[in-house]
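Report on one structure; see the data block that follows.
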Amino acid sequence: MPQDIGDSTWDCRTTPKLFGMFFNYGLMGALIVQVYQYYCAFPRDPKPRMVLVYTLFLLELAETGMMTFHAYRVFGIGYGDLDALTDNTFVWLPAVILPTLTAAIVQACYAHRVFCFPGFKIVGSVIAVLTVLQFGAGIIWGATIRADGNQLDFTHGSPSTVVWLTSAVVVNLAIASASVLHLRQKISTDGNNFILGVRYVVETGFLAAILAIFQLIIYSAYPSHKYFETGIWTLGKLYSNTLLALLNSRAVTVGGRDYEVPPPVPISNAGAPLQFELAGGSSGSWLTGTTGVTEECDGTIRQGPHKAQSDSGNSAV
């Protein structure tokens, strides 16, 4: 027989889950748009980068499908049933394991990126070590949830949960701080302040750091409740969107806010073919490098061989 619970208890335990799933669906829509933009804008990106993007997309797609099935069991056929709400035999995979794997992949990419920044090699190495720590804690936490079965407060007093949340905060803060410091060195303050603000917030992982901090605070304040579950269903999608936003920032919209009109062609050189780089070229991190693209003066677009370039002409920006 289903074990029924009161409306207030049900609301307290399902509301964080429901809002987390809403945010997850919204971020999944944003991720689909970003992956499509990447597919259209960078067909000749290096294969490792393309594999990274499409692997993340498939992981997120699988996670969303599993989450939808879990939502159907809790809010559909199992609505009002305590057994359906507390059944952890399936939820551990989309709620913990897959987001942990996504976070590890994205954070490893950012660790490599920070490592390529001049003077940030130690910081990049520390981020890599903490990423491994967070990944291990997440796997242990997921295995613990799977082993607990139908325990109502499976997260209460779990050391792996504390390690996972704490390491997530430290890693995201380190990534955001290093990225902001590097961007401030490389981007002129004479540019559009709004564009710079967007780059600081999105490309540096600042949003993920803020969410991780709130998640740790809520868990510390209410360890026996599931209020922090909203962040669990959200953080993985936020990681993927952050990385895609970084990669897609290399694309330039003609006539857009950050578009600069190229200088006029001197009359003395009008008879010679003109070539100029649409994206700057210098060696650096494979994560943010672009493919050389040149344009002839007759309007022909020519894309050259793969070479590592950055979104603003500097290494690993």
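Here is a yes/no grid of residues against (1) at pLDDT below 85; (2) closer than 26 Å to Gly29 by Cβ; (3) among the charged types (D, E, K, R); (4) within 21 Å of the chain's Cα centre (by Cα):
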residue	(1), (2), (3), (4)
Leu181	yes, no, no, yes
Ile187	yes, no, no, no
Ile195	yes, yes, no, yes
Ala209	no, yes, no, yes
Ser220	no, no, no, no
Tyr259	yes, no, no, no
Pro262	yes, no, no, no
Gln275	yes, no, no, no
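Just for region 1-58: of the residues that are modelled with pLDDT under 90 and hydroxyl-bearing (Ser, Thr, Tyr), which one is surrounded by the most Cβ atoms within 10 Å (Cβ to Cβ)?
My answer is Thr14.
May I ask you to list the residues in region 61-111 that are in contact with a Gly (Cβ under 7 Å, 6 or more places away or on another chain) and more than 24 Å from His225 (Cα to Cα)?
Thr102, Tyr110, Ala111
What's the number of the only condition in (1) of a type in the set (Gly, Ala, Ser); (2) under 28 Å from Gly119 (Cβ atoms); (3) modelled with pLDDT of 90 or more; (4) in contact with an Asp or Glu (Cβ under 7 Å, 6 or more places away or on another chain) that Ser249 fails to meet?
So the condition that Ser249 fails would be (3).
Across region 101-120, what is the number of residues that are part of a helix (DSSP H, G or I), touching a helix residue (DSSP H, G or I) at 6+ places or on another chain (Cβ under 7 Å) and crowded, with 22+ Cβ neighbours inside 10 Å?
Residues flagged as part of a helix (DSSP H, G or I), touching a helix residue (DSSP H, G or I) at 6+ places or on another chain (Cβ under 7 Å) and crowded, with 22+ Cβ neighbours inside 10 Å within region 101-120 amount to 8.
Looking at region 68-100, which of the residues that are crowded, with 16+ Cβ neighbours inside 10 Å and among the polar types (S, T, N, Q) is nearest to Gly26 (Cα to Cα)?
Step by step, filter region 68-100, then rank; the result is Thr100.
The values are calculated or read from the model by the stated rules, or taken from the named source; none is laboratory data. Computed from a predicted structure; not experimentally measured. No Cβ is skipped: glycine too gets one built from the backbone with ideal geometry, and neighbour counts run over all protein chains shown.
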